Structure formats: structure tokens, C-alpha cells
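Peer 1: I'd like to ask some things about the structure below.
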Amino acid sequence: MAKITITLPDGSTKEFESGITGLQIAESISKGLAREALAVEVNGEVWDLSRGILSDASLKILKWDSDGGKYAYWHSSAHLMAEAIEALYPGTKFGIGPPIETGFYYDIDFGDHNLTPEDLAKIETKMYELAARDVPYIREEKKWEDAVAYFKKKGDPYKLELLEELKGQTITFYQQGNFTDLCYGPHIPSTGRIKAIKLLSVAGAYWRGSEKNKMLQRIYGVTFPSKKELDEYIFRLEEAKRRDHRKLGQELELFLLTPKVGGGLPLWLPKGTIVRETLENFLKEEQRKRGYLPVVTPHVGSINLYKTSGHYPYYKDSQFTPVKVEDEEYLLKPMNCPHHFQIYAAKPHSYRDLPIRLAEFGTVYRYEQSGELNGLIRVRSFTVDDSHMFMRQDQLKDELCKVIELIQLVFTTLGFQDFKTRLSFRDPKNKEKYGGEDALWIQAERDIKEAADFMKLNYYIGIGEAAFYGPKIDFMVRDAIGRTWQLGTVQVDYVMPERFNLEYIGSDGQKHRPVVIHRAPFGSMERFIGVLIEHFAGEFPLWLAPLQAVVLSITDEHISYAEQVTAELKSAGIRVELDDRNEKVNRKIRDWETKKVPFMLVVGDKEKANGTVAVRQHKKGDLGAMARDAFVKKALENIQQKALTV
RNA sequence: GCUGGCGUAGCUCAGCGGUAGAGCAGCGGUUUCGUAAACCGCAGGUCAUCGGUUCAAAUCCGAUCGCCAGCUCCA
């Protein structure tokens with residue numbers, strides 16, 4: 001038998017007989033490792049532990065703590081669920097059942113049967129039963145014809161459709177217990193590894209993700225190697241519910257969504273407006289420092305504007321129907337750029353004046369499908385903290401870097417530490433989706449990548465995610481339930497300056513075409529604040545809190561002193577209210593704690609006599625008495641620094 | 001838009017064929033109180049809307065509207 005050399009992650013090498021399996025290698029290292037091993041990475045590819053390794057390889061044993069291990073685990077769980085379903089509902093047809101970021105799903109055709117929560121409970125119970133058999137997942141290679149024959153006999157049209165695309169190739173099957181599936185794996189050694197199971201939800205999902213196909217029923221589930229980990233996961237789900245911005249928005253009276261106004265058309269309540277305006281003022285101030293010029297434009301515009309820009313043909317389906325006035329058609333503006341271009345184009349520009357940075361908090365209107373609407377995060381009317389920057393080609397990279405710097409400032413000020421960045425490029429296989437010449441796209445994508453590298457952004461590339469007029473850098477943040485959302489965006493545009501015939505006079509006296517950057521650090525005020533509410537769980541830092549402090553009088557005796565304290569804070573610029581209700585302090589404290597107000601200032605006999613306030617901090621409790629001016633000073637400093645904590 | 005689930009007082013929810021209920025919030029009183037809910041009383045609803053079944057519908061059936069989850073979409 002030939003010997004092979006295996007290189008382990010620490011760089012050490014070991015000799016084994018050719019054909020040795022990952023599991024055997026794990027056993028040779030330690031029993032504990034073999035017990036926890038789920039899969040093995042062989043030369044960067046994830047394999048089953050039971051698969052024989054035939055030649056020299058670098059190898060890593062994958063456990064639960066690795067993504068590859070988790071994926072194999074959840075993938076195997078999906079197969080286990082399918083087996084349970086087949087046992088309970090014979091004749092069901094299976095689509096696909098992959099692992100996802102957290103857990104797995106399987107798309108299944110149940111015929112006429114609609115799954116109920118009771119069905120899920122039944123399937124879950126069956127899964128526990130099947131897992132306990134502790135049977136192995138067995139990999140098997142088959143000839144294509146044999147694979148087709150198997151699913152023909154079984155009568156599964158979806159698997160046959162998948163096989164059509166693999167024609168002529170060697171097909172791998174995986175079998176555990178009474179269930180065999182078409183699958184390239186890898187899988188964990190046996191069902192017994194699956195200890196804790198939770199089926200989460202059922203939802204419709206189109207076969208192969210196309211609206212034209214039949215809708216299957218998708219069951220989402222998640223499994224863990226221990227009950228404890230499942231409990232922790234469920235706790236996180238509940239925590240996410242607690243942070244839901246729609247719930248907090250109502251409780252804290254930040255915004256209102258009512259069908260009386262219309263879906264996706266939020267009303268900003270006084271408290272929410274304070275948060276929003278505070279954020280706007282913050283950005284306006286930073287932009288003022290950086291030479292942006294504020295402008296204001298109307299909410300509608302002639303449809304010709306959008307025909308020129310190219311939005312109209314590309315995005316007809318997601319705009320509100322045009323309104324007709326005196327035989328002319330107007331559009332509720334889906335974006336601000338065409339308006340800003342008119343401002344630039346209204347007079348000639350010298351190369352010396354560039355870059356010109358026009359900025360506006362511009363409200364735009366987009367017709368989103370009703371099923372897409374989601375609190376503040378997906379709406380039909382939203383305000384973009386927009387800017388369009390007109391510049392020479394030689395200024396582009398520097399401007400891109402400055403914009404990235406501003407966005408980083410905004411994100412870090414608001415405590416978003418682990419945002420992701422995506423370089424959104426076009427899909428070269430689908431060029432008709434995009435406007436503009438090839439050469440311009442290649443140039444623009446190179447510019448973006450250079451700027452991202454220079455600013456040391458930690459990014460990944462998203463093919464097919466570009467705007468129709470140019471590539472983007474998108475800043476992505478996770479919400480409370482783990483969904484990622486695009487917030488800030490920077491886009492390079494060579495296309496629209498062409499369409500709008502924008503120009504400047506160069507040092508050579510000739511006309512030249514400027515480059516445009518579209519950028520929005522918040523992206524949309526609505527979405528940003530929606531995510532922000534969840535990020536802070538409604539507990540805003542002092543500078544953003546709609547109400548920063550409440551003065552609590554203990555009895556009627558103290559109201560006049562409390563009024564004096566309130567007036568002093570107010571004139572110092574602190575957002576403060578007086579609670580002089582005829583209630584016990586305990587009651588008042590409870591009420592304002594639930595409203596998440598950062599500070600409560602309790603005033604009674606002692607404070608009145610000493611001219612102090614008893615400071616109570618949200619969630620921290622009593623901080624003791626403090627001189628009035630000392631509190632004001634401390635609070636103002638914190639606000640001024642935009643501190644994330646008090 | 002599609003599939004499924006859900007619509008009862010301002011909010012959270014009970015009632016699930018036999019005359020609409022509770023707690024909180026609101027209003028009126030009593031109480032004047034030191035770090036997370038004082039007490040008494042009053043008021044508040046075409047049970048989403050429309051239609052059907054029934055002697056009788058919040059409750060059963062259908063349609064419409066809205067909300068939620070997922071899918072599709074996302075400038």
C-alpha cells in the first residue's frame with residue numbers, strides 16, 4: 001500500500017496509508033477530536049470524514065466551531081428532516097434542501113396539503129426519533145443514467161429536473177436510514193450527532209426561485225449538538241423580537257405606520273423627528289466642514305427628466321404611475337440625481353471650480369410591492385441623505401476616499417462596528433441590464449477598487465449588484481434578526497453625465513465631461529433609523545435621545561423647585577420634561593424607565609434645601625445627589641462628544 | 001405580486017354558536033408619598049369590511065382590505 005503525506009493546520013506532517021479517512025486521522029490525533037469531528041477539509045474542499053484520501057494533502061478536521069462543520073451538520077439535518085417527512089407523508093416530492101447561515105431549509109411539494117404548526121411538531125418529534133438511531137450518512141457514486149432511473153422510479157420531478165443539468169456526470173447520492181437524496185455533500189458521520197432540533201417556520205418558496213414556477217412549501221429549521229445551544233439560540237430570537245423597531249417605534253412613539261395614510265408611508269412623530277433631525281444636523285455639519293453645498297429640489301419632476309436619465313425605462317415597474325398635468329406627465333421622483341444635474345448644468349463650470357458637491361436630504365418615492373414593505377426598513381417614501389459630486393477624472397480617487405472617510409465617521413459615531421462592505425459590480429454576462437460603454441465600466445470598477453484598497457476597507461465583491469449607471473460601494477449592516485441591509489452607498493457614474501450632457505471647461509479651453517459620485521452615508525433616513533432603533537434596542541445615546549432627562553417631584557411641596565430645575569436644564573439646551581403628577585416616585589421611576597429616558601432627576605426636601613438633584617441613570621439606578629450645574633455640565637459634555645455611553 | 005398565518009377598546013390579550021370581558025393607558029375623586037406599578041369610581045367596542053349559513057354569528061363559510069413571515073423584487 002502506498003504511503004501519503006498529510007499536512008496538518010499547524011504545519012506538521014504525518015504519513016498514512018493511502019485511502020485513510022478523515023475520521024481515522026482525527027482518531028490518530030485524539031479521541032476527543034474524533035468525537036467532535038463533523039467533516040474534513042482536504043486541500044480547501046470540504047469532504048465527508050468517511051471518504052478515503054488517496055494522495056498527499058493538507059488537511060483540517062472541521063468541528064462545530066467552523067463554518068464548514070456547521071454547514072455539513074445543517075445539511076445533514078435537512079436530509080434527516082426529509083426522511084422524517086417521507087415517513088410521515090409518503091409520496092411527497094422534494095426540491096432542494098441546503099444549509100443556510102443559521103440552520104437549513106427544505107423545499108417540498110406536499111400536493112394539496114397545507115402544513116400547519118401541528119405538522120411541524122409531528123415532523124420534529126419524528127426527527128428526534130430518527131436521529132436517535134444514530135445511522136451513518138453513506139456517500140455513493142452513481143452513473144447518471146442510474147440516478148435518473150432511481151428518481152423516475154420514485155417519481156420525483158424536481159430531482160429529475162436537477163439531474164438534467166448534470167447530464168453525463170458522475171452523480172453522488174447520500175443515504176441515511178430509509179432516505180436517499182441527490183446531493184454532493186458533504187455530510188456528518190451519523191444522525192446521532194444531531195441532538196437538539198427546532199423547526200421554525202413554513203413559508204412558500206418558488207421552485208428554483210422563479211415566480212413562473214410552482215410554489216413549494218419551505219420548512220426552516222435549525223439543529224444543535226446540545227440542548228443548551230438550542231436554548232441560547234431561542235433566547236437570541238426572543239431578544240431580536242424585543243428589539244424589533246416596529247414594536248419599539250410604537251412604544252416609544254417614534255413613528256406611525258397606518259393604512260389610513262397608506263402602506264410604506266411612515267409618519268414621523270415628535271419624538272422620532274428629534275432623532276431624525278439630530279442625525280441630519282450631525283451630517284449637515286460634517287458636510288459643511290467638507291465643502292458640500294446644500295440645495296433643495298421638488299418632490300416631482302417632468303417625466304422627460306427620467307427618460308433622459310435612463311431611470312424610466314429601467315425602473316418603470318418600481319415607480320408610481322405618472323401624474324398628468326396640462327398634457328404633461330410628471331413623476332413622483334424616484335431619485336434626486338436628475339434634479340441635481342439640472343442645477344449643475346444651469347451654468348458653465350471651470351475645471352478650477354471642481355469638485356462641486358451638491359447635497360440634499362431629498363425625499364423619493366418608489367413603488368415597492370406590497371409584500372416587500374417592512375416597518376421603516378422597506379418603505380415607499382423615504383429620504384436620502386443624497387449628494388452628487390461633479391469632478392474631473394483626476395480628482396475621482398481622492399474624492400472617493402474622502403467620501404469613504406465620511407461614511408466611516410458616521411458609522412463609528414453611531415456604534416456600528418462590524419459593518420460589511422460590498423463592492424457592487426456589474427454582471428458581465430448580463431450587460432443589457434446596464435447602461436454605458438464597456439471601457440467606462442472597467443474604469444469605474446477599477447477606481448472603486450483602488451479607493452477601497454487605499455482606505456483599507458474590508459470588502460467583498462458582489463457581482464451583479466451594481467446600479468444600472470455604475471458600480472457601487474455598499475455599506476451593509478445587520479438588523480436584530482440577523483438580516484443584512486444596505487445602508488450607506490457610494491456610486492461612481494460615468495453614464496449619466498453623458499446622458500445629461502454635463503460639461504466643464506478644462507485648462508485647455510476645451511469642453512470635458514465630469515465624473516459624478518452619488519453617495520449617501522445613511523442611505524435612507526427611514527431605514528437607517530429603523531436599524532438604529534434595533535441596534536440600540538431603543539436606548540439611544542444621550543445626544544440622540546428624544547427626551548434626555550425628566551425631573552421628578554416627590555410631593556407637591558417640591559414642584560416649584562422642580563420647575564426651576566426644569567427651566568434651567570431647558571435653557572441649557574437639554575431636552576427635559578417635568579413629571580409633577582400626583583404619583584409616588586416609585587411609579588414615576590417605573591414609567592420613565594420603560595420609556596428608556598437616560599436620566600431622571602429626583603427632587604425632594606434634601607435637594608430643595610441643598611440646591612441639588614438626585615441623579616438616576618436609566619438601567620443603572622441611583623447615582624446620588626449632584627449640584628445642578630455639575631449635572632448640566634456633565635450632560636452637555638456627553639452630548640457634545642456624541643458619546644455612545646453615559 | 002405569490003404562498004401561508006393573523007385582524008376583539010388607545011395598548012396587551014381572554015372569549016371561539018346563546019345579550020361583548022380583563023389588565024394597562026384615559027377621565028373624576030381620595031392619598032402627599034425618597035429610587036421600577038397607591039386606592040376607589042367612571043367612561044371606552046357596528047368584535048377589520050361586505051355578503052352568506054343559522055331561530056341565533058366575535059365565534060361557522062366566502063370575498064375584500066390590512067398586518068406578519070417567507071418567496072420574488074430592491075435605484
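The values are calculated or read from the model by the stated rules, or taken from the named source; none is laboratory data. Note that this is a predicted model, so its numbers are computed, not measured. Here the Cβ positions follow ideal geometry from the backbone for every residue, glycine too, while neighbour counts run over all protein chains shown. We work out accessible area using only protein heavy atoms, side chains counted, and drop any ligands, DNA or RNA first. Shrake-Rupley method; radii C 1.70, N 1.55, O 1.52, S 1.80 Å.
Peer 1: A:Ser50: accessible area at probe 1.4 Å, nearest 10 Å²?
Peer 2: Its heavy atoms expose roughly 80 Å² to the probe.
Peer 1: For A:Asp109, A:Asp327, A:Asp353, A:Asp394, write out the residues from largest to smallest accessible area, computed with a 1.4 angstrom probe and no ligands counted.
Peer 2: Numbers: A:Asp109 20, A:Asp327 140, A:Asp353 80, A:Asp394 110 Å².
Listed by decreasing accessible area, they come as A:Asp327, A:Asp394, A:Asp353, A:Asp109.
Peer 1: How many nm separate the modelled label positions at A:Leu293 and A:Thr7, each set 7 Å beyond the Cα in the direction of the Cβ?
Peer 2: In this crude spin-label approximation the distance works out to 5.9 nm.
Peer 1: Please work out how much accessible surface A:Thr21 shows to a 1.4 Å probe, ignoring ligands, DNA and RNA, in Å² rounded to 10.
Peer 2: Approximately 20 Å² of A:Thr21 is accessible to the 1.4 Å probe.
Peer 1: Keeping every protein chain present and rolling a 1.4 Å probe, give me the accessible area per residue for the stretch A:83-225 in Å².
Peer 2: On a per-residue basis, 49 Å².
Peer 1: Right, another one. Please name whichever of A:Phe179, A:Val576, A:Gly262 sits farthest to the positive end of the charge dipole of chain A, dipole taken about the Cα centre and charges placed at Cβ: Lys and Arg +1, Asp and Glu -1.
Peer 2: A:Val576
Peer 1: May I pose another question? Would you mind checking which residues have amide H under 5 Å from A:Asp385's amide H? H placed 1.01 Å from N; only 5 or more apart, or other chain.
Peer 2: A:Phe522, A:Gly523, A:Met525
Peer 1: Something else now. Just grab the label-to-label distance for A:His113 and A:Asn582, each label 7 Å out from Cα along the Cβ direction, in nm (one decimal).
Peer 2: 6.5
Peer 1: For a paramagnetic label modelled at 7 Å from the Cα of A:Glu140 toward its Cβ, which residues of the stretch A:44-76 fall within the zone defined by backbone nitrogen distances under 19 Å?
Peer 2: Within reach of a label on A:Glu140: A:48-52, A:76.
Peer 1: A:Asp231 label point, 7 Å along Cα→Cβ, cut-off 20 Å on backbone N: hits in the stretch A:182-213?
Peer 2: A:194-200
Peer 1: For an R0 of 45 angstrom, estimate the FRET efficiency from the Cβ-Cβ distance between A:Thr645 and A:Lys195 and round to the nearest 0.05. Please report the intermediate quantities before stating the final value.
Peer 2: Values: r = 39 Å, r/R0 = 0.87.
With a Förster radius of 45 Å, E is 0.70.
Peer 1: So how do A:231-240, A:529-538 stack up, highest first, on mean other-Cβ count within 10 Å? Numbers along the way, then the final one.
Peer 2: Working: A:231-240: 13.3, A:529-538: 22.9.
Averaged packing, sorted descending, gives the order A:529-538, A:231-240.
Peer 1: May I ask you to rank A:Trp144, A:Trp268 by accessible area, largest first, using a 1.4 Å probe over the protein chains only? All intermediate terms of the calculation are to be shown ahead of the outcome.
Peer 2: Working: A:Trp144 35, A:Trp268 55 Å².
Sorted descending by solvent-accessible area, the residues read A:Trp268, A:Trp144.
Peer 1: Obtain the nm distance between the two label points defined at A:Gln617 and A:Ser30 by a simple spin-label model: each point lies 7 Å from its Cα along the Cα-to-C-beta direction.
Peer 2: 4.2
Peer 1: Could you work out how far the C-alpha centroid of the stretch A:319-349 sits from that of the stretch A:137-179, in angstrom?
Peer 2: Rounded to whole Å, the Cα centres lie 56 Å apart.
Peer 1: For A:Ala240 and A:Arg478, calculate 0.36 nm times their separation in residues minus their Cα-Cα distance, and state this gained length in nm to one decimal.
Peer 2: Details: separation 238, 0.36 × 238 = 85.68 nm, distance 1.15 nm.
Extending this stretch completely gives an extra 84.5 nm.
Peer 1: Give me the tail of P(r) for chain A as a percent: Cα-Cα pairs with distance above 51 Å.
Peer 2: On the way: 57704 of 208335 pairs.
In whole percent, the long-distance tail amounts to 28.
Peer 1: Over the alpha carbons of the stretch A:549-640, what is the largest minus smallest coordinate on each principal axis, giving the biggest first in Å?
Peer 2: Principal-axis extents of the stretch A:549-640 (Cα, largest first): 34, 28, 21 Å.
Peer 1: Suppose the chain between A:Leu88 and A:Glu165 were pulled fully straight at 0.36 nm per residue; how much longer would it get relative to their current alpha carbon spacing?
Peer 2: Working: separation 77, 0.36 × 77 = 27.72 nm, distance 3.02 nm.
Contour length minus Cα-Cα distance gives 24.7 nm.
Peer 1: Between A:Ser58 and residues 5 or more places away or on another chain, which pairs have amide H atoms under 5 Å apart, with H built 1.01 Å from N, and which residues are they?
Peer 2: A:Thr7, A:Asn43
Peer 1: Please give the FRET efficiency for A:Ser370 paired with A:Ser58, using the beta carbon to beta carbon distance and R0 = 45 Å, rounded to the nearest 0.05. Before the final figure, lay out the partial values.
Peer 2: Numbers: r = 52 Å, r/R0 = 1.15.
According to the calculation, E is roughly 0.30.
Peer 1: Let me ask something else. Once you wrap a convex hull around the alpha carbon atoms of the stretch A:370-486, what is its projected area averaged over all directions, in nm²? Each step should come with its number before you reach the end.
Peer 2: Details: hull surface 35.7 nm².
If you wrap the Cα atoms of the stretch A:370-486 in a convex hull and average its projections, you get 8.9 nm².
Peer 1: Now for a separate question. Can you find, among A:Val222, A:Gly95, A:Ala149, the residue sitting farthest towards the positive end of the charge dipole of the stretch A:69-241, where Lys and Arg contribute +1 and Asp and Glu -1 at Cβ?
Peer 2: A:Ala149
Peer 1: Now for a separate question. Please list A:Val585, A:Val490 from largest to smallest accessible area, probe radius 1.4 Å, with all protein chains kept in place.
Peer 2: Values: A:Val585 40, A:Val490 0 Å².
Ranked from most to least accessible, the order is A:Val585, A:Val490.
Peer 1: Further question: For A:Glu277 and A:Arg208 in the same chain, what is the full-extension length gain: residue separation times 0.36 nm, less their Cα-Cα distance, in nm? Before the final figure, lay out the partial values.
Peer 2: On the way: separation 69, 0.36 × 69 = 24.84 nm, distance 4.39 nm.
Using 0.36 nm per residue and subtracting the Cα-Cα distance, I get 20.4 nm.
Peer 1: Let me have the relative contact order for the stretch A:3-63, percent, based on Cα pairs under 8 Å that are six or more residues apart.
Peer 2: On the way: 113 pairs, mean separation 24.4, N = 61.
For the stretch A:3-63, the relative contact order is 40 percent.
Peer 1: Debye sum, Cα scatterers, the stretch A:3-63, no solvent: what log₁₀ I/I(0) at q = 0.22, 0.24, 0.28 1/Å?
Peer 2: Relative scattering, expressed as log10 I(q)/I(0), comes to -0.79, -0.96, -1.33.
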